[in-house]
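To start, the structure itself, in structure tokens.
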Amino acid sequence: MPDDDDREDPVTTTVSTATPHPTEDAVREAVIAWRRHLHQHPEVAFHEERTAAFVADTLASFGTLEITRPTPTSVVARLTGSRTGRVLAMRADIDALPIDERNTHDFVSRHPGVMHACGHDGHTAMMLGAAKVLCARRSELAGEVRFIFQHAEELNPGGAEELVKAGVMDGVDMIIGAHLWLPMPYGQVGVRSGALMASPDNFVITITGSGGHAAIPHETTDSIAIAAQVITNLQHIVARNVDPLASAVVSVTRIAGGTTYNVIPGQVELAGTVRTFDPALRARIPELMQRVVGGTTAANGATFTFEWNADYRPVINDEKASELLRRAVVRALGEGVLVEATPTMGGEDFSAYQQKVPGSFFFIGARNEERGITNPHHHECFDLDERALDSGTRIFVAAAMEMLG
Ligand SMILES: [Zn+2]
Ligand SMILES: [Zn+2]
């Protein structure tokens, strides 16, 4: 990346430095400016060097925080209140995606092929805003607020697992985290206790028969025809083996085999994803898949290999942490915005923190039909209603005040 393509603009945030005791109102413009700056300078998972430096420098300008760098591209800041008490952690993910941005607004990505297309620029900015406001309200806090700016949410094995191993959850009583959410309109905030996001596991199946001339099929073991049966039979797992009141997805998303019209290939590779919420069901599905693939291939005289790649655990929200969030949402924005979040089969490595302490992950509506802000996450024209950033800042501040105030 040539330097001139990637020049740093100073982020002008007049209100943020001029106000001795900033409120959410006072940091609102700064949060948008930070988000736009991050949007212009996206970095993919495990390479968030400049993003982390920007976060650390911005946090340092608040003056009150103890800042550490548990891994090369993550930042943790601790705000110690004026009295002892519990520890509330808040997490923002900071990584972008390998997508070429097609937006035309005036803060598009300056890094070709890299884009904040999931809203993590917004997550980072709104938590910086919360940190700034809470630094000014330190005297009202009993305990500690721990701000976790996490790298690599988008790429298995994920940054959360690494941070947990580095000890960032030590001493933490509860954790909260948010996703700016395009399926929901701006003005709604979704909280839910229990299952919210699925395990995004994936698999690779190799079916080995024996190849030959397409006109002499009886002298082959046709891996293409067998793969077709395998795909069809795999559909029976969700349809016939999973409790209809439970949820699961088994999707074959890639078929690779064959080179031309008159050759039956000896091998076909299938790949896909499995999504579940329930850990017991999650453990059972790969066993069922192997039984189906084994039976189908054996019936046709072929063999198979089965590779299972366990990804993030499901996001299962704690009741008490979700209750804290509900109170925080109402305190910050009023009763009218709070809705029950709809679970999604998407995955999130926030679940790694939930293995350690009670936690809840919630959705902040960022869709705006009137302004055409409707593209899904990971779309090359993804955008969000920036008013949602202020909602996030306010909810994080309110959660800290509810628990430690
Ligand atoms: Zn994403
Ligand atoms: Zn995301």
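Distance between the pseudo-spin-label points of Thr253 and Ala225 (7 Å out from Cα toward the beta carbon): 3.1 nm.
With the simple spin-label model, which puts each label point 7 Å out from Cα in the Cβ direction, the Thr84 to Arg371 separation comes to 4.7 nm. For segment 287-340, the fraction of 1.4 Å probe accessible surface lying on carbon and sulfur atoms is 50 percent. Rounded to the nearest 0.05, what FRET efficiency is calculated for Arg69 and Ser210 with R0 set to 56 Å and r the Cβ-Cβ distance? Given R0 = 56 Å and the Cβ-Cβ separation, E is 0.50. Kindly identify segment 42-136 as rounded, prolate or oblate by the Cα gyration tensor criterion: order the square roots of the eigenvalues as a ≥ b ≥ c, call it rounded if a/c is under 1.5, otherwise compare a/b with b/c, prolate if a/b is larger, else oblate. Because a/c hits 1.5 or more and a/b exceeds b/c, segment 42-136 counts as prolate.
Loop-located GluC sites (Glu not before Pro) in segment 291-371 (DSSP state other than H, G, I, E, B) with a sparse environment of at most 10 neighbouring Cβ atoms within 10 Å: Glu369, Glu370.
Spacing of the modelled spin labels on Asp57 and Arg138, each 7 Å from Cα toward Cβ, amounts to 2.3 nm.
Based on alpha carbons, the Rg and Dmax found for segment 104-262 are 24.7, 83 Å. Sorted on the mean count of surrounding Cβ atoms within 10 Å across their residues, most packed first, peptides 25-31, 109-115 read 25-31, 109-115.
Rounded to 0.05, the FRET efficiency of the His105 and Gln235 pair, given R0 = 41 Å and the Cβ-Cβ distance, is 0.45. Each part gets one Cα centre, and for segment 263-303 versus segment 349-365 those centres are 31 Å apart.
Helical runs assigned H by DSSP (4 residues or longer) give the chain a calculated mean residue ellipticity at 222 nm of -10000 deg cm²/dmol, each run adding -39500 (n - 2.57) before division by the residue total.
Here the accessible area of segment 36-109 is 50 percent carbon and sulfur, with a 1.4 angstrom probe and all protein chains present. Listed values for segment 209-216 are Karplus-derived 3J(HN,Hα) couplings in whole Hz (6.51 cos²θ - 1.76 cosθ + 1.60, θ = phi - 60°), namely x, 9, x, x, 6, 4, 8, 10, and x replaces Gly and Pro.
What FRET efficiency, computed as 1/(1 + (r/R0)^6) with R0 = 41 Å and r the Cβ-Cβ distance, is obtained for Phe306 and Arg50, rounded to the nearest 0.05?
Numbers: r = 41 Å, r/R0 = 1.00.
Working from the Cβ atoms, E equals 0.50.
What does the charge dipole of the chain about its Cα centre add up to, to the nearest 20 debye, if the Cβ of each Lys and Arg holds +1 and the Cβ of each Asp and Glu holds -1?
It works out to roughly 1180 debye.
Annotation: for a label point projected 7 angstrom from Cα along Cα→Cβ of His379, residues of segment 107-133 with backbone N closer than 18 Å are 108-109, 115-122.
Between amide H atoms placed 1.01 Å from N, distances below 5 Å from Leu180 occur with Ile364, all of them 5 or more places distant or on a separate chain.
For segment 299-312, 3J(HN,Hα) computed residue by residue from phi via the Karplus equation (6.51, -1.76, 1.60; θ = phi - 60°) reads 4, 10, x, 10, 10, 8, 10, 10, 10, 10, 10, 6, 9, 5 Hz, glycine and proline entered as x.
Using a probe radius of 1.4 Å on heavy atoms only, what accessible surface per residue do you get for the chain? Whole Å² is fine. Walk me through the intermediate numbers first.
Values: 16980 Å² over 405 residues.
Spelled out: the 1.4 Å probe surface of the chain, per residue, equals 42 Å².
Which shape class applies to segment 134-199: rounded if a/c is under 1.5, otherwise prolate when a/b exceeds b/c and oblate if not, where a ≥ b ≥ c are the square roots of the Cα gyration tensor eigenvalues? Taking the square roots of the gyration eigenvalues as a ≥ b ≥ c, segment 134-199 is oblate. Residue-wise HN-Hα couplings along segment 221-235, as the Karplus relation 6.51 cos²θ - 1.76 cosθ + 1.60 with θ = phi - 60° gives them from phi, are 10, 6, 5, 5, 5, 5, 4, 4, 5, 4, 4, 5, 5, 4, 5 Hz; Gly and Pro carry x. Taking 0.36 nm per residue of separation and subtracting the Cα-Cα distance, full extension of the segment from Arg387 to Asn262 would add 39.1 nm.
The values are calculated or read from the model by the stated rules, or taken from the named source; none is laboratory data. Keep in mind that what you see is a predicted model, and the values were worked out from it rather than measured. Note: ideal-geometry Cβ built from the backbone for every residue, glycine included; neighbour counts use all protein chains shown. Each accessible area value is taken on the protein alone, full model and side chains, heavy atoms only, with ligands, DNA and RNA left out. Shrake-Rupley method; radii C 1.70, N 1.55, O 1.52, S 1.80 Å.
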